[in-house]
Structure formats: C-alpha cells, structure tokens
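This report refers to the structure that appears directly beneath it.
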C-alpha cells in the first residue's frame, strides 16, 4: 500500500480548511506588497526560528497548558509553511513534496498497519522501525551504523538518550537498570581520580590546576552514564533535567523573595536554611 491508496479526508474536513487558510495567509505574506520581514526571509534564516518555536512548544507541553500548546503548535506550523513556501519559490520543494514524502515514509515504516506484517507490542514496532530505516540507508548507500540518523544538533542529553536507545536495540546493553546504575558509580569514581590532588575546598578552583581535558572527559562520561541510566528507567533525561532546572529556579526565586533579592550579603548558613525552607514550601 502507498500513501496514494489511502482515502483522503473530505474537503469539508475542518483540519483541511484551517490549514488551507494558513497557507493562503503565508502566500499573501510572501507576495509583492506582503510583509517586508517575511519577504526577506530564506530557508536558512527560518531554520533558527523553527528551533526556537519548537522549544517554546515543548515548554508549553511541559507546563500542561493547552491554550499555550495550541498557540505554539500553530507557530511551528506557520514556520514550516513559510519554509516550504520559500523553497517552492526557488523551485526546490514545497509543502506538497514534504507531505507526500512523510506520508510514504509513514506507510513504509508501518507495515503492521498498512501491510501484512504484525507487531505485538511497542518494542516490536520500534525494532521493526529501526530495521526498515537501516534498509533505507543501505539502499541509499549511506551510513549503515546502528547509530546513524541521530541528529548532532539535538540537545546533548536528548541525543544521549537516542544514542543509548539505538545501542540497546543492537543488543549492546546491561541486563537491567542495575548495571546502568553501577556504571554511573564507576564514572563518578573515575571523575574523583581525575580530581585527585586538586584543592577543591578553595572558593575558586583555578582551571590551570586541573588536568582540564581529562576532567572534562570524565565529567562528560558521568553525564552520559546518567543519561543512559535514564533510558533504562524509561525516563527522558532532557525532560528530567528541564524539571530539575524548573525546581531550582522556583526555589532560587523563593530565596530571593525571602531576602528581598539580596543574596550576596547572606551567610552560607542563612542561604542553606532558606533553600531547605524553599524545598519544603514548594515540594
């Protein structure tokens, strides 16, 4: 089955009408007499806007705010539509090309839905998905590594999780999360060894006193090991880190409110007590 074999939705479908109106608006913005800012954009210049809007969408989803999520999802759609409109003007590709390509991909990678294959659980689906992607790369003569296809531009923790998932799918894995946790401990021990002999009790550690490359490498290994552990626990490390940052910010602002914003004049004991109070108040 191909994407063309699927029955299209009725022209009266509210989704199609809404997307059609969006495309008409984007077209108008790019036409002579349209918006000067939109008219001067390029595919390259819009790429950074897409990243920004995608992050804002994730933030809205994490906040559980449907109103904000709808708005930010719309912004992502707008940027995608504008990118495809600009590319269409340059006779490179357009939104129809993008939609057809992803439709074919979805049908091809879901043989358990659109073909005769079977998939009994999500894990089976993921294995099948990766096998199909590997076949596609092989046919294109591309990178055939199991780790191929993980974007290097992803945030590091998110990329670590995706890389771990790929490695685990090949059988390169611990028998359980216990092994992943033990690995975190090993990496922390190696970081301690790299820092041996360095006076960490000083208020400021001079980077020149450190074996910077080794320490950086060992610290990176600790971060990577924790991201891998998260994957074994079924936790998104990027989301977990965002949650931790959110809690830190809330508690820090609580402290600022308690002291009127003047933290620099407070003793460590006062700050520690205020931090504990913030944790209790905001738990």
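All of the numbers you see were taken from the coordinates with simple rules; none came from a lab. Since the model is a prediction, treat every value here as computed from it, not as a measurement. Heads up, the Cβs are rebuilt from the backbone with ideal geometry, glycines too, and the neighbour counts pull from every protein chain shown.
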Given a Förster distance of 51 Å, the FRET efficiency implied by the Cβ-Cβ spacing of residue 27 and residue 256, rounded to the nearest 0.05, works out to 0.60
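How long are the semi-axes of the equivalent ellipsoid of the stretch 236-283, defined as square roots of 5 times the Cα gyration tensor eigenvalues? Whole Å, largest first.
On the way: eigenvalues 104, 21, 17 Å².
Those come to 23, 10, 9 Å.
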Estimated inter-spin distance, residue 51 and residue 239, nm [label 7 Å along Cα→Cβ]: 2.3 nm
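List the relative contact order of the stretch 155-244 as a percent without decimals, with contacts defined as Cα pairs under 8 Å and 6+ residues apart. Intermediate values should be presented prior to the final figure.
Values: 63 pairs, mean separation 43.3, N = 90.
Dividing the mean separation by the residue count of the stretch 155-244 yields 48 percent.
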Distant alpha-carbon pairs in the stretch 88-200 (separation over 17 angstrom), percent: 72 percent
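Expressed as a rounded percentage, what relative contact order does the chain have, with Cα pairs under 8 Å and six or more residues apart? It would help to have the intermediate numbers written out before the result.
Values: 176 pairs, mean separation 33.0, N = 283.
Relative contact order here is 12 percent.
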Working from the alpha-carbon coordinates of the stretch 50-99, get Rg over Rh, Rh being the Kirkwood radius. 1.12
Would you calculate the convex hull of the Cα atoms in the chain and tell me its volume per residue in Å³? 246 Å³
Could you give the C-alpha radius of gyration of the stretch 3-108 expressed as a fraction of 2.2 N^0.38 Å, taking N as the number of residues it contains? 1.17
222 nm [θ] for the chain, helices only, -39500 (n - 2.57) per DSSP H run of 4+, per residue, to 500? -23000 deg cm²/dmol
Taking each pair of distinct Cα atoms in the stretch 152-235 once, what is the resulting Kirkwood hydrodynamic radius in Å? 14.2 Å
Between residue 283 and residue 93, the two model label points (7 Å from Cα along the beta-carbon direction) sit apart by a distance in nm of 5.1 nm
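Let me check against my output: what whole-number percent is the relative contact order of the stretch 221-283, with C-alpha pairs under 8 Å and at least 6 apart?
Details: 22 pairs, mean separation 17.0, N = 63.
Relative contact order for the stretch 221-283 comes out at 27 percent.
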Between residue 263 and residue 201, what FRET efficiency follows from the Cβ-Cβ distance if R0 is 22 Å, with the result rounded to 0.05? 0.50
